[in-house]
Amino acid sequence: MSPAYMLRRVVQNFSTRLATALLSFGVVWLTARYLGAAGRGAVSLFVTDCAAILLFIGLLGGSSLIYLAPRRNLWHLLLPAYGWAALVCGLGTALVGLLRQPEPLYLLHLGLLSLLQAFFSINTALLLGRRREGIYNLLTLAQVALLAGTLLAAFGAGGRWVAVETYYYAAYLAFGLPWLLSLHPLLGLPDSRHRQGRRLRATTRELARHSRGAHFSNILAFANYRLGYYFVAYFADARAVGILSVGVSLMEAIWLIPRSAALVQYVDLVNTPGHGPLPESALRVGRLAVLGTAAAVLVLVLVPPALLTAVFGREFGPAQTVMQWLAPGVVIMSVQMLITSYFSGRAHYRLNNTASVVGLLVTVTGGLLLIPRLHTAGAALVSTLSYTASTAFLIWQFRRTTGLGPTAFLPGPTDAAQAWRRMFG
């Protein structure tokens, strides 16, 4: 595969993710501007609860659906994934009710919306595994566009619509309609829809085996990303969570650059036989992704607090401190995403899992020591320390596996010049 073709696909994925990130920023802005820091914190905790439930759905699905989609009948993958999703959403919602004891209406929204999101993610993962990247990008973009558009209309109407509950109703439309639309391209694929019990059971066992190894690191990674929210909610309040979530959302939006490169790299690896090293074309694209991440981080950390308060409201000036403490970790994490996608594409899940455990140990220890005293700044610092520790482990393993050290991801002038010539020359 030529570097120009691969880079073009990365740019296409990046463009979609950029549009998605901008719309997601719109959601953050709308909830922060209209609901304030406390309301934004409540929305962030709801989204985090949903994400926590969805993580365990990946134990019988997730990225393994992408890995197995080119190799197995899609309907033998979809049926067990849907059944497992329904079970996990029910049990997860009950567990949240037991641990956090929110209002019954909160739990109803949590259960239904997590299930809708699960079904949507299963369908899009199968489409992506079959290299229907265009449809995948369109559905992903439609989902966040519907959420942002509905919130804009509702909050703009004012009155009783300016409430946290409005987010729930907007999310029903944003996930429900794209899920229904995603069924059409799935039905158009040539796979037989006969159940064929023996093959279905065999595929289910294979999916479970792959998912346990592939997804365990995602569960641990989520803890590294979001455990700080719960620490801050416990040691501070929902207002502090809202401030933290704005800073984190802005910085993590930059990850659309390395994630676009890592996604294309992963799809290519799972569709390519053999276990060879990462090709030079992928390394070059990876180096450009790291460079783009560093440049975007630099721009964000230079944003003055006055601009943040002008955009989000007077309560959100401290989000700039969050961004500054997160900045090194965001750049370091871009390298980790590229290495993780390589190990996942080669089914070396144990290495990714171990790296996530290393990061989680730092997150828990740092959270208990730093967040009670530093609150939001402490949460950002803990994240950076966690990303650094887990990435250092993966770089060491990557060198042992491929013979390539961290300099393999450090871009040089020739990378940018060659990419420019291939794309526009």
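The values are calculated or read from the model by the stated rules, or taken from the named source; none is laboratory data. Everything quoted here is computed from the prediction, not taken from an experiment. Note: ideal-geometry Cβ built from the backbone for every residue, glycine included; neighbour counts use all protein chains shown. What goes into the accessible areas is simple: the full protein's heavy atoms, side chains included, and nothing from ligands, DNA or RNA. Shrake-Rupley method; radii C 1.70, N 1.55, O 1.52, S 1.80 Å.
Could you list, ordered by first residue, the pairs with Cβ atoms under 7 Å in which the first is in the stretch 295-321 and in contact (Cβ under 8 Å) with a residue 40 or more places away in the chain and over 18 Å from Ala377 (Cα atoms) and the second is surrounded by 12 or more Cβ atoms within 10 Å (Cβ to Cβ) and β-branched (Val, Ile, Thr), at least 6 apart or interchain?
Short answer, once both residue conditions are applied: Ala296/Ile254; Ala296/Ile257; Phe312/Val246.
Would you check which residues across the stretch 139-164 are assigned to a helix (DSSP H, G or I) and free of Cβ contacts under 8 Å to residues at least 40 places away in the same chain and list them? Talk me through it step by step, then tell me what you get.
Step one: filter the stretch 139-164 for residues assigned to a helix (DSSP H, G or I), giving 139-157, 159-161, 164.
Ala142, Gln143, Leu146, Gly149, Thr150, Ala153, Ala154, Gly156, Ala157, Gly159, Arg160, Trp161 - these are the residues of the stretch 139-164 that are assigned to a helix (DSSP H, G or I) and free of Cβ contacts under 8 Å to residues at least 40 places away in the same chain.
Would you confirm whether any residue within the stretch 240-251 is under 23 Å from Tyr136 (Cβ atoms) and either in a helix (DSSP H, G or I) or modelled with pLDDT under 85 (or both)?
Checked the stretch 240-251: at least one residue is under 23 Å from Tyr136 (Cβ atoms) and either in a helix (DSSP H, G or I) or modelled with pLDDT under 85 (or both).
In this structure, does Gly329 turn out to be modelled with pLDDT of 85 or more, assigned to a helix (DSSP H, G or I) and open to solvent by less than 10 Å² (accessible area, probe 1.4 Å)?
Spelling it out, Gly329 is indeed modelled with pLDDT of 85 or more, assigned to a helix (DSSP H, G or I) and open to solvent by less than 10 Å² (accessible area, probe 1.4 Å).
Need the failing condition index for Gly90 against (1) under 30 Å from Gly188 (Cα atoms); (2) more than 20 Å from the chain's Cα centre (by Cα); (3) of a type outside the set (Ser, Thr, Tyr), just the number.
That leaves (1) as the condition not met.
May I ask you to list the residues in the stretch 374-407 that are among the aliphatic types (A, V, I, L, M) and over 26 Å from Met251 (Cβ atoms)?
Leu404
Test Leu79 against the criterion of being out of contact with any Leu (no Cβ under 6 Å at 6 or more places or on another chain), open to solvent by 20 Å² or more (accessible area, probe 1.4 Å) and of a type outside the set (Lys, Arg), and give yes or no.
It is true that Leu79 is out of contact with any Leu (no Cβ under 6 Å at 6 or more places or on another chain), open to solvent by 20 Å² or more (accessible area, probe 1.4 Å) and of a type outside the set (Lys, Arg).
Would you mind telling me which numbered condition in (1) open to solvent by 20 Å² or more (accessible area, probe 1.4 Å); (2) at pLDDT 90 or above; (3) under 18 Å from the mean Cα position of the chain (by Cα) Leu298 fails?
If we test Leu298 against (1) open to solvent by 20 Å² or more (accessible area, probe 1.4 Å); (2) at pLDDT 90 or above; (3) under 18 Å from the mean Cα position of the chain (by Cα), just (3) comes out false.
Checking the condition modelled with pLDDT of 95 or more, in a helix (DSSP H, G or I) and not polar (S, T, N, Q), which residue from Leu113, Leu99, Leu59, Leu30 passes?
After ruling out the rest, the residue left standing is Leu113.
Given (1) open to solvent by less than 40 Å² (accessible area, probe 1.4 Å); (2) modelled with pLDDT under 90; (3) more than 20 Å from the chain's Cα centre (by Cα), where does Met337 come up short, assuming only one miss?
(3)
Of the residues that sit in the stretch 303-319 and are in a helix (DSSP H, G or I), open to solvent by 20 Å² or more (accessible area, probe 1.4 Å) and touching a helix residue (DSSP H, G or I) at 6+ places or on another chain (Cβ under 9 Å), which one is farthest from Ala238 (Cα to Cα)? Talk me through it step by step, then tell me what you get.
Of the residues in the stretch 303-319, the ones in a helix (DSSP H, G or I) are 305-312, 314-316, 319.
If we keep only those that are open to solvent by 20 Å² or more (accessible area, probe 1.4 Å) too, we end up with 305-307, 309-311, 314-315.
If we keep only those that are touching a helix residue (DSSP H, G or I) at 6+ places or on another chain (Cβ under 9 Å) as well, we get 305, 307, 309, 311, 315.
Values: Pro305: 20, Leu307: 23, Thr309: 18, Val311: 20, Glu315: 12 Å.
Top of the filtered list is Leu307.
Suppose we filter the stretch 57-76 for residues that are more than 21 Å from the chain's Cα centre (by Cα), open to solvent by 20 Å² or more (accessible area, probe 1.4 Å) and in contact (Cβ under 8 Å) with a residue 12 or more places away in the chain; how many remain?
The qualifying residues number 4.
Can you report the number of residues in the stretch 166-218 which are in a helix (DSSP H, G or I), at pLDDT below 70 and in contact with a His (Cβ under 8 Å, 6 or more places away or on another chain)?
Residues in the stretch 166-218 being in a helix (DSSP H, G or I), at pLDDT below 70 and in contact with a His (Cβ under 8 Å, 6 or more places away or on another chain): 0 in total.
Which is out of contact with any strand residue (DSSP E or B) (no Cβ under 9 Å at 6 or more places or on another chain), over 27 Å from Leu79 (Cβ atoms) and open to solvent by 10 Å² or more (accessible area, probe 1.4 Å), of Leu108, Leu141, Leu115?
Matching residue, one of Leu108, Leu141, Leu115: Leu141.
Restricting to the stretch 120-138, count the residues that are open to solvent by less than 50 Å² (accessible area, probe 1.4 Å) and either closer than 30 Å to Glu103 by Cβ or aromatic (Phe, Trp, Tyr) (or both).
So the count comes out to 3.
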